[in-house]
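Taking it in order: structure first as structure tokens, then the write-up.
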Amino acid sequence: MSTDGNFINNEFVSSPQAAMIPVYNPATEALVGQVQAATTEQALEAVDIAAQAQKAWRKLTSVERAAHMYRLADALMERREVIGRALAEESGKSLEDATSEAIYAAEITRYHAEWARRIEGEVMPSDTPNESLLLQREPIGVVACLIPFNYPVFTLLRKVAPALITGNTVVVRPSNNTPRSAFEIAAAVKAAGLPAGVVNILTMDHGTAEAVCTHAKVGMITLTGSVGAGRKVLEYSQVNIAKSSLELGGKSPAIVEPDADLEQAAQQIVASKTTNCGQLCTAIERVYVHESAYEEFVGLLKANLEACAFGNRADEPSYMGPLINENARLNIHQMVERAIDDGARLETGGYVPEHKGHFYPPTLLTQCRQEMEIVQEEIFGPVLPVLTYGDIDEALELANDHQFGLASVVFTENYRTAMTVANNIEAGEVYINRTPSDPFQGYHAGWKRSGLGGDDGKHGMLDYTQTRLVVLNY
């Protein structure tokens, strides 16, 4: 049972004053470890150390920074099974999925290291004779990275890797639900020999996190989390006018046309909704089915959901696993009950299992209406509301009638319909005849209340830079 201290300046630092954060396996409710909550003094010291380390880190050539990152990717691969075991225990994922997440984290680290020779500025003509305008890309400084519980290993490197290649240093706050895997990543950082102070990883309570985010030396805050958490980050950023990059709520619509391969669409939607027990920002959260295909498609969804067994993935990896904690399960079940009270029809699921673990069955609700809470608010669990529409214009109106705009999906064999949706959907991503997967060479960015800025690809990497215009008169 781990009680290691926080990772500051390439060392694990313990404090006798630190409060302990218990870590539970959500599939068994067993205590699997405990970690120290950083004191405010420790956290502020970590920011100062990161700021000092950044002075030397930014002066390295981008190729030199990339060499460090390649070694980090190698260290992550060497420790993938250790990271995977820690993640599986604290998240309820299967060991295979948790280990695959560690591998994916190594891959995105390598991907961003490959940008070393591609961080480009611009040269522009001036209106003044004998003058050139040079736009340079520069690091921001210290980046505070706030990591969620659902994909904590991948998301940590998804934020840290682009920050590092562009010359920033980081102070990372992992989720208090899944901190042990973050400290296994810290061990990989140490093993890779990154310069001291470049990567610091600390668990924190909300007060300490606020102290970090409002520290004068923090130039950027990046968060993957809820809309409420995003609002708090925007409050923090006002103190020093820190740059904010926010991936917030999602409520991905899936539009299902009658010409689609209905069996394949149903299978993919159910897989999206049950992966990680629906705890995925881009998971399908509402389904709009053409009225002519409604009865058949509901039957297919119900059959696929009922075929999805749930339980402890340590016993059977093919199961759908648990929600992260009891509060999450209670909130989801109450949403389902309110939907039923408001007129939705429960087709399957919708109950709280009596055995150990924070499990919730795959649940299907029909006869839903657009204004219902279950359609308008993020569920973040294995619950699927279904609605109907008459034509593609109505489907788009319903899909766009929403506070969120992260990802979206359309199933159709008609390229005109596909392009109509692609050109008119109000979302940062649209997937045609497949469900979301966040390719890391793309750009994962939300519209509306789904966030500001984005992750992945060239544009995600450049979000960790600021510009300097050099006006050169000769």
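The values are calculated or read from the model by the stated rules, or taken from the named source; none is laboratory data. What you see is a predicted model, and the numbers here were worked out from it, not measured in a lab. Counting neighbours? That spans all protein chains shown, and the Cβs are built from the backbone with ideal geometry, glycine included. For accessibility, only protein heavy atoms count, side chains too; no ligands or nucleic acids. Shrake-Rupley method; radii C 1.70, N 1.55, O 1.52, S 1.80 Å.
Return the pairs, sorted by first residue and then second, in which the second residue is of a type in the set (Asp, Glu) and open to solvent by 30 Å² or more (accessible area, probe 1.4 Å), the first residue lies in segment 437-451 and is in contact (Cβ under 8 Å) with a residue 40 or more places away in the chain, the beta carbons are less than 6 Å apart, and the residues are 6+ apart or on different chains.
Hits for this filter: TRP447/GLU426.
What is the one condition in (1) under 20 Å from PRO253 (Cβ atoms); (2) open to solvent by 10 Å² or more (accessible area, probe 1.4 Å); (3) of a type in the set (A, V, I, L, M, F, W, C) that VAL470 does not satisfy?
VAL470 satisfies every listed condition except (1).
List the pairs whose first member sits in segment 321-335 and is farther than 15 Å from SER91 by Cβ, whose second member is open to solvent by 80 Å² or more (accessible area, probe 1.4 Å) and modelled with pLDDT under 95, and whose Cβ atoms are under 7 Å apart, counting only residues at least 6 apart or on separate chains?
Matching pairs, first to second residue: none at all.
Quick one: which of VAL153, VAL160, VAL143 is assigned to a strand (DSSP E or B) and surrounded by 20 or more Cβ atoms within 10 Å (Cβ to Cβ)?
VAL143
Does segment 100-108 contain at least one residue that is over 20 Å from the mean Cα position of the chain (by Cα), open to solvent by 10 Å² or more (accessible area, probe 1.4 Å) and among the small types (Gly, Ala, Ser)?
No, because not a single residue in segment 100-108 is over 20 Å from the mean Cα position of the chain (by Cα), open to solvent by 10 Å² or more (accessible area, probe 1.4 Å) and among the small types (Gly, Ala, Ser).
Which ones in segment 361-373 are in contact (Cβ under 8 Å) with a residue 12 or more places away in the chain and either open to solvent by 40 Å² or more (accessible area, probe 1.4 Å) or more than 22 Å from GLY428 (Cα to Cα) (or both)?
Hits for segment 361-373 are PRO361, PRO362, THR363, LEU364, LEU365, THR366, GLN367, CYS368, ARG369, MET372, GLU373.
Checking the structure you have, find out if any residue of segment 256-268 is touching a helix residue (DSSP H, G or I) at 6+ places or on another chain (Cβ under 6 Å), open to solvent by less than 10 Å² (accessible area, probe 1.4 Å) and in a helix (DSSP H, G or I).
Yes, the conditions are met somewhere in segment 256-268.
Report yes if some residue within segment 6-21 is of a type in the set (A, V, I, L, M), in contact (Cβ under 8 Å) with a residue 60 or more places away in the chain, closer than 21 Å to ALA209 by Cβ and open to solvent by less than 60 Å² (accessible area, probe 1.4 Å); otherwise report no.
Yes: one or more hits.
Please name all residue pairs, on different chains or six or more residues apart, with Cβ atoms under 7 Å, provided the first residue is in segment 37-48 and is under 19 Å from GLY141 (Cα atoms) and the second residue is assigned to a helix (DSSP H, G or I) and open to solvent by 20 Å² or more (accessible area, probe 1.4 Å).
What qualifies is ALA43/ALA211; LEU44/ALA211.
Could you grab me the full set of residues in segment 304-330 that are surrounded by 14 or more Cβ atoms within 10 Å (Cβ to Cβ) and either assigned to a helix (DSSP H, G or I) or of a type in the set (S, T, N, Q) (or both)?
Within segment 304-330, ASN304, LEU305, GLU306, ASN312, ASN325, GLU326, ALA328, ARG329, LEU330 meet the criteria.
Taking only segment 410-442 into account, find how many residues are among the acidic types (Asp, Glu), under 25 Å from LEU462 (Cα atoms) and open to solvent by 30 Å² or more (accessible area, probe 1.4 Å).
The qualifying residues number 1.
Considering each of ALA27, ALA38 in turn, give the residue that is within 16 Å of SER175 (Cα to Cα), open to solvent by less than 20 Å² (accessible area, probe 1.4 Å) and part of a loop (DSSP other than H, G, I, E, B).
Values: ALA27 fails: within 16 Å of SER175 (Cα to Cα).
Unique residue meeting the criteria: ALA38.
This table checks each residue for (1) within 16 Å of ALA187 (Cβ to Cβ); (2) open to solvent by less than 20 Å² (accessible area, probe 1.4 Å); (3) not in a strand (DSSP E or B).
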{"site": "VAL32", "(1), (2), (3)": "no, no, no"}
{"site": "VAL47", "(1), (2), (3)": "no, yes, yes"}
{"site": "GLU64", "(1), (2), (3)": "no, no, yes"}
{"site": "ALA73", "(1), (2), (3)": "yes, yes, yes"}
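Quick check, is ALA56 surrounded by fewer than 20 Cβ atoms within 10 Å (Cβ to Cβ), of a type in the set (Gly, Ala, Ser), in contact with a strand residue (DSSP E or B) (Cβ under 7 Å, 6 or more places away or on another chain) and modelled with pLDDT of 95 or more?
no
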